[in-house]
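Some notes on the structure that comes next.
Where a number appears in this text, it was derived from the coordinates with a stated rule and is not lab data. Keep in mind that what you see is a predicted model, and the values were worked out from it rather than measured. Neighbour counts run over all protein chains shown; Cβ positions are idealised from the backbone, glycine included.
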Amino acid sequence: MPEDIIFDLKKQHQEMKGILAGIKDKLHTEAPESSDILKRLLNFKKSLDKHLRLENNTFYPELLKKMKERNLEVSNTELFIGEMKTLEMEIIDFLKKYDDPKKIDNNLARFKPEFDFIISSLMIRITSEEDGVFLYW
């Protein structure tokens, strides 16, 4: 278990936020280039996959273990983890739905608000983790 797991998770958060900000900038140009957007989405997916592996396979199981060892209530944290799994699936479904530049081009009017929803949901998750569950570490 890495001693600086919180540092690593926060660094990954920053990386994902940067990728998403770059995509948002590209989307709000006069003629968004879907192939560039897809390339950035794929980069985001790689970053997200790496983050989720660390979070789901290491951080959350260890966090729950530590909390139980300290006799802390874990039901709210378990509920939070379940909610994050739902958000995770929504993001993965979005990435699968727009896995081709033509799908982005042909559905740009829907893509933009769906992408904005993904960004806002992810920002809520990151804030909830950093200002909430990370404090129990």
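With a Förster radius of 22 Å, plug the Cβ-Cβ distance of Leu72 and Leu52 into 1/(1 + (r/R0)^6) and report the FRET value to the nearest 0.05.
The pair Leu72/Leu52 has a calculated efficiency of 0.35.
Shape of the stretch 5-136 from its Cα gyration tensor (a ≥ b ≥ c, root eigenvalues): rounded if a/c is under 1.5, otherwise prolate when a/b > b/c, or oblate?
The shape class here is prolate.
Summing +1 for each Lys or Arg and -1 for each Asp or Glu, what net charge is found among the other residues whose Cβ lies under 12 Å from the Cβ of Lys85?
In short, -4.
Using a cut-off of 27 Å between alpha-carbon atoms, which lysines can reach Lys103, once sequence neighbours fewer than 8 places away in the same chain are excluded?
Counting by Cα, and skipping residues close in sequence, Lys103 has these lysines nearby: Lys17, Lys24, Lys26, Lys39, Lys45, Lys46, Lys50, Lys85, Lys112.
Please identify every one of the trypsin sites (Lys or Arg not before Pro) in the stretch 35-84 that sits in a loop by DSSP and has no more than 14 other beta carbons within 10 Å of its own beta carbon.
Arg70
Are there GluC sites (Glu not before Pro) in the stretch 1-39 that DSSP marks as loop and that have at most 16 other Cβ atoms within 10 Å, and which are they?
Passing both the DSSP loop test and the Cβ count: Glu3, Glu30, Glu33.
Go through the stretch 34-107 and name the GluC sites (Glu not before Pro) that are in a DSSP coil and have 10 or fewer other Cβ atoms within 10 Å of their Cβ.
Filter output for the stretch 34-107: Glu73.
Using 0.36 nm times the number of residues separating Glu130 and Ala31, minus their current alpha carbon distance, what extension gain do you get?
The span from Glu130 to Ala31 would gain 32.1 nm if fully extended.
Full-extension gain between Lys102 and Glu83, please, as 0.36 nm times their residue separation minus the C-alpha to C-alpha distance.
The span from Lys102 to Glu83 would gain 3.7 nm if fully extended.
Once both axes come from the Cα atoms, what is the angle between helix 5-27 and the longest principal axis of the chain, in degrees from 0 to 90, rounded to 10?
20
Along the charge dipole of the chain, which of Ile6, Ile37, Leu87 sits closest to the positive end, that is, farthest toward it, with unit charges on the beta carbon of Lys, Arg, Asp and Glu (+1, +1, -1, -1)?
Ile37
So what is the 222 nm mean residue ellipticity for the chain from helices alone, if each DSSP H run of at least 4 adds -39500 (n - 2.57) and you divide by all residues, rounding to the nearest 500 deg cm²/dmol?
For the chain, the value works out to -26500 deg cm²/dmol.
What ranking of Ser128, Ser34 emerges when the number of other C-beta atoms within 10 Å of each C-beta is taken as an exposure proxy, fewest first?
Ser128, Ser34
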